[in-house]
Every structure is written in C-alpha cells, then in structure tokens.
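**Student:** After the structure tokens below, expect a handful of questions from me.
A short reminder: the numbers here are calculations on the coordinates, not readings from a lab. Just so it is clear, the model here is predicted, and its values are computed rather than measured. Ideal geometry is used to build each Cβ from the backbone, glycine not excepted, and the neighbour counts take in all protein chains shown.
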Amino acid sequence: MNHQGFTLLDLLVSVAIISILLTVGVPSVKATLRDAHLTTLANDLLGALILARSEAIRRGVTVVVCKSADGIQCGGSGWDMGWIVFVNSDEDSPPVVDTTEEILRRYEALPANYSLAANHNFVNQVSYRPTGRSNTMGRFVFCHDQLVKDHSRALFVSISGRARVADDENHNGIPDWRNADNEIVDITACSFNAG
C-alpha cells in the first residue's frame, strides 16, 4: 500500500516558513493599521475645523472648536479626551456653551495609546470669526505611543483660518514644515509643554 501524506520534516519546514512569514508580515500590518488610524483621527479634527470655519462664515457668528471631556461643555484635561464644535453667538471668552447655543458636532475621546496635543496657541480652543479667520495660528499633533515620533500626524491652522495636514516632504515618516529659511523641519513633539 502506498500512503500519501506529510512527513514530520514536511510539517516542520511548513511551520518554519509560516513563522517567518508571520514575523515579517504582522509588524507591517500593525504599522499600516496604526498609520490608517492616525490618518482617520487627523481627518476627524480637520473636518471639525473646516466645519467650524464654514459655519462661522455661513451663519455670520463665531464658531468654536474646543476640547471637551463630556461633549457638552468646553474643558477637560486634554484634546485627546474629545472635542466639540459649537456656535458661540455671545462670543464669550473663554467660550462657554450656553443653553441657547447649538452644538454642531461632538467628537469622542481618542483610543488608548493615541494622543492629541496642541501648541500654546490652541491649549483650549480655536475660534472662527464670521470672516473665516481663526483667533490665532498654531498646530495640533496626533501621536501613537508618545515616545515614538514617527508614529504621528500634524495639522496646521493659519491665521486666515485654513487648516491643513502637515506634509512629510523628506519621507521619513515624521510630519514636517518649512521654517523661515525654507528648510524642512520635523515636527517631533507629541506633547507641548511651553509651546
């Protein structure tokens, strides 16, 4: 009788090949998923900023994007706890959501291991005037595992109110910008202390 099947050697070689493929492939898949998640999170904030600017222009009133831990009022320990977009019709400063002011959109806290930091210009909020201009210019940085700088995305907001995702012109996985001397500078801060 002739039996067809796997020998122990065939099985060991197959397991070794599968182990090698998993060792090489799994980190790549994890990195792809992490990068996709960072992009999604950055696009959520970008969408909030674009919404606030367009609604300020359309309604002819100030619209605010502010950090919000509860989705009802501005406040909380950080942007990564969530944020809201609301019509600040009485233009109070710091902005407070009054009972007559409409919350246009709520955004939940970021998943574990993700963070969102803003430089000192946007510690608590970004306000858009009816002209579409923002109260100041600055940037936000999204990170995965704060200590790893190449796992990040950055957004810039200009004084004109336009928001954009930072480029990675030198293709090193770190968002960057051009300084006054037109040199490419990596944005490496996943948290801002003094700005």
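**Student:** Using a 7 Å offset from the Cα along the Cα-to-Cβ direction at both Val29 and Arg58, what is the distance between the two label points in nm, to one decimal?
**Tutor:** Between Val29 and Arg58, the label points sit 4.1 nm apart.
**Student:** Then there is this: Using the count of nearby Cβ atoms within 10 Å as a rough guide to exposure, how do Val157, Val97 rank from fewest to most?
**Tutor:** Val97, Val157
**Student:** Right, another one. Taking amide H positions as placed in the peptide plane 1.01 Å from N, state which residues far from Asp92 in sequence (5 or more) or on other chains have amide H under 5 Å from it.
**Tutor:** Counting only residues 5 or more places away or on other chains, the set is empty.
**Student:** Using Cβ counts within 10 Å as a stand-in for footprinting exposure, how do His171, His120 rank, fewest first?
**Tutor:** Going from sparsest to densest Cβ surroundings: His171, His120.
**Student:** Please list the radius of gyration and Dmax for region 34-176, considering alpha-carbon atoms only, with Å as the unit.
**Tutor:** Final numbers for Rg and Dmax: 14.7, 48 Å.
**Student:** With θ taken as phi - 60° and the coefficients 6.51, -1.76 and 1.60, list the Karplus ³J(HN,Hα) couplings across region 64-77 in order, rounded to whole Hz; mark glycine and proline as x.
**Tutor:** Per-residue couplings from phi come out as 10, 10, 9, 5, 8, 7, 10, x, 10, 10, 5, x, x, 7 Hz.
**Student:** Now, a different point. How much mean residue ellipticity at 222 nm does the chain get from its helices, if each DSSP H run of length 4 or more adds -39500 (n - 2.57) and you divide by all residues, to the nearest 500 deg cm²/dmol?
**Tutor:** Only helices count here, giving -10000 deg cm²/dmol.
**Student:** Considering the zone a paramagnetic label at Gln73 would reach in this model (a point 7 Å from Cα along the Cα-to-Cβ line), which residues of region 85-109 have amide N under 11 Å from it?
**Tutor:** Within reach of a label on Gln73: 96-98.
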